[in-house]
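The values are calculated or read from the model by the stated rules, or taken from the named source; none is laboratory data. Every value quoted in this text rests on a predicted model; they were computed, and no experiment measured them. Positions of Cβ are backbone-derived with ideal geometry, glycine not excepted, and every protein chain shown enters the neighbour counts. Protein only, heavy atoms only, side chains kept; ligands, DNA and RNA dropped before computing areas. Shrake-Rupley method; radii C 1.70, N 1.55, O 1.52, S 1.80 Å.
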Amino acid sequence: MISRRSFIAKSSFAVAGVGLAKSGISMSSLPQKKEFPIVISTWNHGLPANEAAWEVLKKGGSALDAVETGVRVPEGDPNIITVGYGGIPDAAGHVTLDACIMDEKGRAGSVTYLEHIKHPISVARLVMEKTPHVMLSGKGALEFALDQGFKKENLLTKERKAAWKKWKKEQREFSAKINIENETELNHDTIGMLAIDKEGNLSGACTTSGMGYKLPGRVGDSPIIGAGLFVDGDVGGAVATGMGELVMKTLGTFLVVEFMRNGMAPAKACEEAVKRIASKIPDYQNFQIGYIALNKAGEYGSFCINPGFNFAIKTEDKTEMEDAEAWLKKL
Ligand code: ASP
């Protein structure tokens with residue numbers, strides 16, 4: 001089911017409209033009353049993340065604070081094995097994290113291949129706010145985080161260590177499976193979040209431990225501005241999840257935002273970006289990609305390759321999960 005958000009001209013506009021109708025000025029040419037705030041995010045772990053973001057938004061906090069606060073929830077939860085602390089390690093047993101953040105002013109910050117820091121999204125925010133750079137990687141990102149007062153921690157939980165040892169013993173190859181919701185097999189699922197605050201400002205965040213048992217050194221789409229996340233304050237934002245290599249090769253979220261700039265609704269823009277993957281990447285059917293998008297007006301939508309991708313929505317009167325429409329089901 002594709003979501004479209006409709007706006008209701010609330011009473012003041014409605015009353016004004018009576019007089020305006022007489023004066024011949026059309027209601028649709030007037031600014032609509034926006035039903036902000038709103039927050040959307042990927043997968044089931046989006047539900048508790050949205051709640052945390054909502055606490056910020058409902059008090060009048062900024063979208064930027066909200067998305068950072070929201071995605072810190074799965075980052076800190078060891079039971080979410082695809083993000084932050086407790087994430088599945090790489091093939092060598094190291095938990096390496098990717099994250100980025102972007103606001104309506106076009107400011108952006110990112111960290112890649114970051115080890116030992118539980119909340120990479122907060123480090124990404126400081127890269128944005130305290131350095132002239134957009135992206136810090138590996139050892140440099142860790143040193144920056146420590147300089148900023150973050151604590152060095154062991155992110156590999158007992159459970160993930162045991163699962164990794166078992167995986168190694170079986171000499172299993174890395175495989176990018178799609179949407180296997182069985183805990184021991186699940187090997188990817190980033191949280192990407194987009195929010196609009198009371199002021200109508202839009203920000204986004206994206207954070208992940210990446211593909212489970214990836215080759216050491218691998219960095220995915222999630223910390224790449226324009227791939228895992230893109231925000232344009234004049235248009236809207238998009239985030240991606242799934243096999244990052246496909247998103248990187250097509251600069252997926254930048255594409256979604258450009259489609260919206262050209263007038264497409266968010267769901268249609270996500271669909272066109274999935275179709276771009278389908279037209280460029282021969283074996284795309286074997287992988288999952290899910291996009292979610294939110295435009296400046298507060299309309300949202302999603303689309304994915306394979307059925308199984310869902311996302312969480314929170315507004316004043318809505319707390320729900322929605323299944324994304326899938327390209328391989330539509331064919
Ligand atoms: N996009 C992430 C990556 O490739 C994984 C995911 O979202 O499932 O690292």
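Key figures for this structure:
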read-out: Degrees, to the nearest 10: 63-76 long Cα axis against longest axis of the chain; value: 30
read-out: Cα-based helix-to-principal-axis angle, 11-23 vs the chain, degrees rounded to 10; value: 40
read-out: Distance from segment 258-276 to segment 85-105 (C-alpha centre basis), Å; value: 27
read-out: Cut-off 13 Å between beta-carbons: net charge of the residues surrounding A99, Lys and Arg +1, Asp and Glu -1; value: -2
read-out: Helical mean residue ellipticity (222 nm; -39500 (n - 2.57) per DSSP H run of 4+; nearest 500) of the chain; value: -10000 deg cm²/dmol
read-out: For segment 113-149 and segment 194-229, distance of Cα centres in Å; value: 14
read-out: Area accessible to solvent at H119, 1.4 Å probe radius, in Å²; value: 30
read-out: Accessible-area composition of the chain, carbon plus sulfur, in percent [1.4 Å probe]; value: 53
read-out: Residues of the chain: accessible area per residue with a 1.4 Å probe, Å²; value: 43
read-out: Loop-resident sites, segment 86-136, for trypsin sites (Lys or Arg not before Pro), counting at most 11 other Cβ within 10 Å (DSSP); value: K105
read-out: Accessible-area value, K161, 1.4 Å probe, nucleic acids and ligands omitted, Å²; value: 90
read-out: Acute angle (nearest 10 degrees) that the helix 158-169 long axis makes with the longest principal axis of the chain, alpha-carbon atoms; value: 60
read-out: Longest site-free stretch - the chain; sites: chymotrypsin sites (Phe, Trp or Tyr not before Pro), DSSP loop, at most 15 other Cβ within 10 Å; value: 8-173
read-out: Sites matching GluC sites (Glu not before Pro) across segment 110-175 that sit in DSSP coil, with at most 15 neighbouring C-beta atoms within 10 Å; value: E153, E170, E173
